[in-house]
Amino acid sequence: MPAPIDPHADLPTARMGPADTSDPAGDAAALPDLALFDFDGTITTRDTFPDLLVAATPRWRLIAGRVLMAPIVIAYRLGLLSGIRTRAALVRYAFSGLPAARVAAAGAMLAATRLPALVRPQMQARIDWHRARGDTVVVVSGNLDDLLAPWCAAQGVALLCSRLEQADGRLTGRYAGAQCAGDEKARRVRAAYPREAFAQVHAYGDTDEDLALLRFADHATWRGAPWPAAT
């Protein structure tokens, strides 16, 4: 799972005052900034995808899955299998044929009862700071909308994330389109938020799946500190 952020690390210094709109040389100062946040391991202290799996999967599948899925989980932890392929396998096993409403209800419950305790105080403060400045704040995550959409709605921030495919109200066990990870994160941001609409772009991440997002930013933060590639 993603390595934790140092909770004592200082976030990079950023412009705290209002944008200077008095410069007649251009319109950039009048534009808002864009703030992009990975969720698991960046906003939160740990990966929350397993929480949704446990909460939504029928008990008999969980019991059998401890054996059936063990080789996949071990391969992931040894670095032999990517997070994208691991999540796809777990989703296929856990959610195939389940009512979509079951997973959505589990996600809403976790968003209300478990996620608040997992949010890093310094990252909540950073989200609040961006919102107070009038920046456009977006969570960009490979996790599922069933879990993240309720939390983002409560925060008043936008969301780009992975979604599950469904047919006739039941989940197929596949993702609806590509997982929102790696290069797909940057692709979705470019499609939804054209770079020319923003004065500056800030990005926050903690794993290799966030690197494309960090490269897109003017100010990139990696595990609570300025990203070395951005210095």
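The values are calculated or read from the model by the stated rules, or taken from the named source; none is laboratory data. Remember, predicted model here, so these are calculated numbers, not experimental data. All Cβ positions, glycine included, derive from the backbone under ideal geometry; neighbour counts span all protein chains shown. SASA here: full protein model, heavy atoms, side chains in, ligands and nucleic acids out. Shrake-Rupley method; radii C 1.70, N 1.55, O 1.52, S 1.80 Å.
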Across Thr48, Thr113, Thr172, the residue with the highest GNM fluctuation in the chain (Cα network, 10 Å cutoff) is Thr113
Solvent-accessible area per residue, Å², over segment 89-144 with all protein chains present [probe radius 1.4 Å]: 37
Of Tyr76, Val138, Ser96, farthest towards positive along the dipole that unit charges on Lys, Arg, Asp, Glu beta carbons give the chain: Ser96
Helix 100-113: inclination vs the chain longest Cα principal axis, degrees, rounded to 10, gives 60
Whole Å is fine, so just give me how far the alpha carbon centre of segment 173-220 lies from that of segment 57-114. 24
Taking the chain and dividing mean pair separation by its residue count, relative contact order in percent (alpha carbons under 8 Å, at least six apart): 29
When the chain is modelled as a GNM with alpha-carbon springs shorter than 10 Å, which of Ser96, Ser162, Ser82 fluctuates the most? Ser82
How large is the charge dipole for the chain, taken about the Cα centre, if only the Cβ atoms of Lys, Arg (+1) and Asp, Glu (-1) carry charge, to the nearest 20 debye? 1080
Fluctuation leader among Ala104, Ala199, Ala154 - the chain, Gaussian network, Cα springs under 10 angstrom: Ala154
Between the Cα axis of helix 83-95 and the main Cα principal axis of the chain, the angle (0 to 90°, nearest 10) is 50
Which of the listed residues, Phe39, Gly156, Ile127, is farthest toward the dipole's positive end in the chain, when Lys, Arg count +1 and Asp, Glu count -1 at the beta-carbon? Phe39
If I ignore ligands, DNA and RNA and count only protein heavy atoms, how much of His219 is accessible to a 1.4 Å probe, in Å² to the nearest 10? 90
Please give the charge dipole size of segment 104-168, origin at the Cα centre, charges +1 on K and R Cβ atoms and -1 on D and E Cβ atoms. Round to the nearest 20 debye. 380
How far, in degrees from 0 to 90, does helix 121-133 lean away from the longest principal axis of the Cα atoms of the chain, to the nearest 10? 50
In the full protein assembly as shown, how much of Arg187 is accessible to a 1.4 Å probe, in Å² to the nearest 10? 120
